[in-house]
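Participant: Got a structure for you, written out below as structure tokens; questions coming shortly.
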């Protein structure tokens, strides 16, 4: 299994190909690759991303079958099932990179801001459960000057939610803590731009924490 930094480089290279419209990963559809994977998998990265239809991880990173272990949920929130899924892949497959992949214009983050700013409650208790996960990470931003610039507020809220999810993974799982300390596991936060296609890895390495 490749290291976390090698996996990160592979994701960055794939994202550059996606932006340049130079995608070359034939393993997405090749029959021989499907047959090869029928005996097992060794994904090189774990992606916890948003369910948004505009952010399919395999496409934006130009990866194919068996390359990524992807978990998708609205707002890229971290709850026990997501933690368990990540533990399963990191421990069972030896995958050493975990990426929390949020994106610009996230509807779940926007819904949380609307509830906080306009007291706009959703009728669905299930949607409210997603908002409840996001709220603690962004409500402090409403006490800052960002309230005067809704675009900036949204940008900072998306990133705050990503940071909170990454921190929760690091601190609420003894399995992941052990893998971080002893086995080189790296948990990173990243934001995908709907406008440019660029994935910005902004949290997780010492120089950008």
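The numbers here are math on the coordinates, done by the rules we state, and not lab data. In this text, all values refer to a predicted model and were calculated from it rather than measured experimentally. Cβ atoms come from the backbone with ideal geometry, glycine included; neighbour counts cover every protein chain shown.
Participant: Which order do the peptides 2-10, 57-65 take when ranked by the mean count of other beta-carbon atoms within 10 Å per residue, highest first?
Facilitator: Those peptides, ordered most packed to least, come out 57-65, 2-10.
Participant: Using Cα springs under 10 Å in a Gaussian network model of the chain, which residue among 183, 161, 76 shows the largest mean-square fluctuation?
Facilitator: Result for the chain, Cα springs under 10 Å: 183 fluctuates most.
Participant: In addition: Of the listed peptides 85-97, 168-180, 145-157, what is their order by residue-averaged count of other C-beta atoms within 10 Å, with the highest listed first?
Facilitator: Answer by packing, highest mean first, reads 85-97, 168-180, 145-157.
Participant: If you don't mind, there's one more thing I want to ask. With everything on Cα atoms, drop me the angle between helix 80-92 and the longest principal axis of the chain, reported from 0 to 90° to the nearest 10.
Facilitator: Taking the Cα atoms of the chain, the angle to 80-92 is about 20 degrees.
Participant: Compute the angle between helix 125-138 and the longest alpha-carbon principal axis of the chain, please, reported from 0 to 90 degrees and rounded to the nearest 10.
Facilitator: The angle comes out at about 80 degrees.
Participant: How large is the helix-only mean residue ellipticity at 222 nm for the chain, computed as the sum of -39500 (n - 2.57) over DSSP H runs with n ≥ 4, divided by its residue count, in deg cm²/dmol to the nearest 500?
Facilitator: The per-residue figure over the chain is -15000 deg cm²/dmol.
Participant: Please work out the Cα center distance from the range 98-131 to the range 162-196, rounded to the nearest Å.
Facilitator: 21 Å
Participant: Still on this model: For the chain, what value does the Rg/Rh ratio take when both radii are computed over Cα atoms and Rh is the Kirkwood radius, given to two decimals?
Facilitator: With Rh from the inverse mean 1/r over Cα pairs, Rg/Rh is 0.98.
Participant: Could you check the simple spin-label distance between residue 12 and residue 79, using points 7 Å along Cα→Cβ, in nm with one decimal?
Facilitator: 3.4 nm
Participant: Would you please give the FRET efficiency between residue 41 and residue 182, computed as 1/(1 + (r/R0)^6) with r the Cβ-Cβ distance and R0 = 30 Å, to the nearest 0.05?
Facilitator: My answer for the efficiency is 0.85.
Participant: Which order do the peptides 100-107, 12-19 come out in when sorted by mean C-beta neighbours inside 10 angstrom, highest first?
Facilitator: 100-107, 12-19
Participant: Which percent, to the nearest 5, of DSSP beta bridges fully inside the chain are antiparallel?
Facilitator: Given both bridge residues lie in the chain, the antiparallel proportion sits at roughly 20 percent.
Participant: Considering all alpha-carbon pairs of the range 118-190, what whole percent are spaced by more than 20 angstrom?
Facilitator: In whole percent, the long-distance tail amounts to 46.
Participant: Rounded, prolate or oblate for the range 6-77? Axes are the square roots of the Cα gyration tensor eigenvalues, ordered a ≥ b ≥ c, and the cut-off for rounded is a/c under 1.5.
Facilitator: Oblate, because a/c is 1.5 or more while a/b does not exceed b/c.
Participant: Oh, and also: Fully extended, how many nm does the chain gain between residue 194 and residue 5 (0.36 nm per residue separation, minus their Cα-Cα distance)?
Facilitator: Taking 0.36 nm per residue and subtracting the Cα distance, the gain is 65.5 nm.
Participant: Tilt of helix 150-172 relative to the longest C-alpha principal axis of the chain, in degrees (0 to 90, nearest 10)?
Facilitator: With both axes taken from Cα atoms, the answer is about 60 degrees.
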